[in-house]
Amino acid sequence: MPDSDPSTTTDPLDDDDDDDGLIDGYEDADDDGETDDGETDAGNPDTDGDCLQDGTELGLTEPQGEDTDLSIFVPDADPSTTTNPLNTDTDGGGRPDGGLTPTIRPMTGSRDRGVADAGPVTARAEASHSRRCWRHWPWRSA
């Protein structure tokens, strides 16, 4: 099948171009080379922009493939709780699934790396998470 969008290419020698733990073929389920409804973006580790990697949201504790950069991939610390990598606010609670930015408090059940914990979050923890999040997505500006 020809690539429907040649501007969004992935490396055929790297099974996880964005290093989110999901292999590119899983993210582009119909293999047409573009991100369609219902698919995560093989070139963006955080398709919905909520500061949680797509693989983390789906509960991955290890990458699906062999070419994921483990210094970028964030394994889910609590895979029994998952969120939707296509929906910034999976539970509709008014806060992003990632929850931790300098201006947004976490929702109950959402923490860095997917750990469910309703406890208080300090400003230091928020700032630390924010730095980690943006480090993994270098093309985004703060």
Put in order of increasing Cβ neighbours within 10 Å, starting from the fewest, D48, D11, D18 give D11, D48, D18
Whole-Hz Karplus couplings 3J(HN,Hα) for the stretch 42-53, θ = phi - 60° and coefficients 6.51, -1.76, 1.60, Gly and Pro as x, run 5, x, 9, x, 10, 3, 8, x, 9, 6, 10, 4
Phi angles of the stretch 55-69, converted by Karplus (6.51 cos²θ - 1.76 cosθ + 1.60, θ = phi - 60°) into ³J(HN,Hα) in whole Hz with x for Gly and Pro, give x, 5, 4, 8, x, 6, 9, 8, x, 6, x, 10, 9, 6, 6
Quick note on I23, I72, ordering by fewest other C-beta atoms within 10 Å, gives I72, I23
Each label sits 7 Å from Cα toward the beta-carbon; between E34 and D78 the label points are separated, in nm, by 3.9 nm
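Where a number appears in this text, it was derived from the coordinates with a stated rule and is not lab data. Just so you know, these numbers come straight off a predicted model, no measurement behind them. Note that each Cβ is placed from the backbone with ideal geometry, even for glycine, and that neighbours are counted across all protein chains shown.
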